[in-house]
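Data first, discussion second: the structure below is written as structure tokens.
The values are calculated or read from the model by the stated rules, or taken from the named source; none is laboratory data. Since the model is a prediction, treat every value here as computed from it, not as a measurement. Don't worry about glycine lacking a Cβ; one is built from the backbone with ideal geometry, like all the others, and counts go over all protein chains shown.
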Amino acid sequence: MERYLTLIFLITVIIVTPIFAGGGQDNTANEPVELRWAHLGVEGEILTIFADEFAKRVEEQTNGRVKIEVYGNAALGNIEETINSVKNGTIDMAMHDFASLAGFVENLAVFNAPFIYKDAAHSMRVTDPYTSPVMRELNQELIDTAGIRIFANCYRGARQLTANFPVYSPADLSGKKIRGVPLPIWMTMIKGMGAVPTPVQWAELATALATGVVEGQENPLNNIYSGKLYEVQDYIMMTNHMQAIQTCFVNEKSWMKIPQEDREIIEKIAVNLGEESVKWTLDSDDEYKELLEAEGVTFITSENGLQIDKFVTDVLKQVNADYPQWAGLIKEIQAIP
């Protein structure tokens, strides 16, 4: 009997000890949260710099509790594939234009509407997920609808029109195939510019321009230079038609895996780095202009004949025709100081 009682005691100790030693919690709770971030940017682009710097700061400021591995240059797929992967959680985080999320919340595309912002700083205030009332409402709808959260924004610069022929007004684009990001708001914008909107993925753009599939495109100066589009485009029209913001979004379940204190750290990094991205871009625009001119590109501005007012009128007319439901939202956006 004594042996039997001793055996029972030992078995009980073996079973109970791990429970008390571990507090009843999974040991994996002490392991770092590891996330994958995908984007389409090439080396040297602002968004590539932004994503890499974000990952670096998050690991440093959380003391390694959160680690982000960044995959650029469409390494994990094109934007449609990436967004679907973020929704189902096989990729945790990504960055692209707001309009790429419009399949879940249609009105998010309004943040890509042309000629609606006062300047770069205004565009970032309007799209701040923590302070902008318009953005917060749509972000909550995105969380509820798709399980995706916008947590940061990166400013890439004002988008400019390029072509292999000079353009001074929308009339010069009549019948010309101009590449647009494969999203409806881009098709509306380019149609408003007077051209034939032609969707082409970023990875295929240089080839499409070289082979004549399209005759022009539009992008910020840093993208035009980093993507070497000057090799197949002779003119840059400084239309400043869209404030280019790449929004950063995360699978909501992945976000909630991050401890609350670390989410707060990440939010502060997002705000600070977003402000820095505006400075990076604005400070570098003159440098990129000089580099592009050195490559033989000719700039056309309002000073040498570019009819900006005509572009504004025609493009906004098309936006109003295609998106009449945005009238109230655009007024709210423009009312934000």
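Inside region 40-79, residues that are within 16 Å of the chain's Cα centre (by Cα) and either more than 20 Å from residue 227 (Cβ to Cβ) or of a type in the set (Phe, Trp, Tyr) (or both) make up a count of 5. The residue pairs whose first member lies in region 142-159 and is at positive phi, whose second member is buried (at least 23 other Cβ atoms within 10 Å of the Cβ) and part of a strand (DSSP E or B), and whose beta carbons are closer than 9 Å, counting only pairs six or more residues apart or on different chains, are 147/251; 157/219; 157/220; 157/243; 157/244.
Give the residue, chosen from 217, 260, that is surrounded by 24 or more Cβ atoms within 10 Å (Cβ to Cβ), free of Cβ contacts under 8 Å to residues at least 60 places away in the same chain and at negative phi.
Matching residue, one of 217, 260: 217.
Does region 251-271 include one or more residues that are part of a strand (DSSP E or B) and farther than 19 Å from residue 158 by Cα? Among the residues of region 251-271, at least one is part of a strand (DSSP E or B) and farther than 19 Å from residue 158 by Cα, which makes the answer yes. Helices (runs of 4 or more DSSP H) fully within region 34-131 that include at least 1 residues being among the acidic types (Asp, Glu) and under 26 Å from residue 263 (Cβ atoms): 46-61. Here region 127-140 is the region considered, the condition is being of a type in the set (Val, Ile, Thr) and more than 15 Å from the chain's Cα centre (by Cα), and the residue that is surrounded by the most Cβ atoms within 10 Å (Cβ to Cβ) is 134. Among the residues in region 45-57, are any more than 29 Å from residue 287 (Cα to Cα), out of contact with any Ser or Thr (no Cβ under 7 Å at 6 or more places or on another chain), surrounded by 15 or more Cβ atoms within 10 Å (Cβ to Cβ) and modelled with pLDDT of 95 or more? Checked region 45-57: no residue is more than 29 Å from residue 287 (Cα to Cα), out of contact with any Ser or Thr (no Cβ under 7 Å at 6 or more places or on another chain), surrounded by 15 or more Cβ atoms within 10 Å (Cβ to Cβ) and modelled with pLDDT of 95 or more.
The set of residues in region 54-90 that are over 23 Å from residue 31 (Cβ atoms) and small (Gly, Ala, Ser) comprises 72, 74, 75, 77. If I filter region 25-38 for residues that are of a type outside the set (S, T, N, Q), at pLDDT below 55 and exposed (fewer than 10 other Cβ atoms within 10 Å of the Cβ), do I get at least one hit? Looking through region 25-38, at least one residue is of a type outside the set (S, T, N, Q), at pLDDT below 55 and exposed (fewer than 10 other Cβ atoms within 10 Å of the Cβ).
Of everything in region 107-121 that is of a type outside the set (Phe, Trp, Tyr) and closer than 13 Å to residue 135 by Cα, the residue that is surrounded by the fewest Cβ atoms within 10 Å (Cβ to Cβ) is 107.
Looking only at region 290-312, decide whether some residue is within 25 Å of residue 154 (Cα to Cα), out of contact with any helix residue (DSSP H, G or I) (no Cβ under 7 Å at 6 or more places or on another chain) and not aliphatic (A, V, I, L, M).
Checked against the condition, which is being within 25 Å of residue 154 (Cα to Cα), out of contact with any helix residue (DSSP H, G or I) (no Cβ under 7 Å at 6 or more places or on another chain) and not aliphatic (A, V, I, L, M), region 290-312 yields at least one hit.
Picking from residues in region 64-97 that are of a type outside the set (A, V, I, L, M, F, W, C) and within 13 Å of residue 266 (Cβ to Cβ), the one that is surrounded by the fewest Cβ atoms within 10 Å (Cβ to Cβ) is 67.
Quick check on my filter: what residues within region 248-271 are basic (Lys, Arg) and out of contact with any helix residue (DSSP H, G or I) (no Cβ under 9 Å at 6 or more places or on another chain)?
If the condition is that a residue be basic (Lys, Arg) and out of contact with any helix residue (DSSP H, G or I) (no Cβ under 9 Å at 6 or more places or on another chain), then 253, 257 are the ones that fit.
Of the residues 148, 178, the single one that is in contact with a Gly (Cβ under 6 Å, 6 or more places away or on another chain) and surrounded by 22 or more Cβ atoms within 10 Å (Cβ to Cβ) is 178.
Could you grab me the full set of residues in region 261-308 that are at pLDDT below 95, polar (S, T, N, Q) and over 18 Å from the mean Cα position of the chain (by Cα)? Once the filter is applied, which keeps residues that are at pLDDT below 95, polar (S, T, N, Q) and over 18 Å from the mean Cα position of the chain (by Cα), region 261-308 yields only 284. Residues of region 154-168 that are farther than 13 Å from residue 112 by Cα and buried (at least 18 other Cβ atoms within 10 Å of the Cβ): 154, 160, 161, 162, 163, 167. Among the conditions (1) under 22 Å from residue 44 (Cβ atoms); (2) in contact (Cβ under 8 Å) with a residue 12 or more places away in the chain; (3) of a type in the set (D, E, K, R), the only one that residue 314 does not satisfy is (1). Considering only residues of region 291-328 that are small (Gly, Ala, Ser) and in a loop (DSSP other than H, G, I, E, B), which is surrounded by the most Cβ atoms within 10 Å (Cβ to Cβ)? Checked region 291-328; the qualifying residue surrounded by the most Cβ atoms within 10 Å (Cβ to Cβ) is 305.
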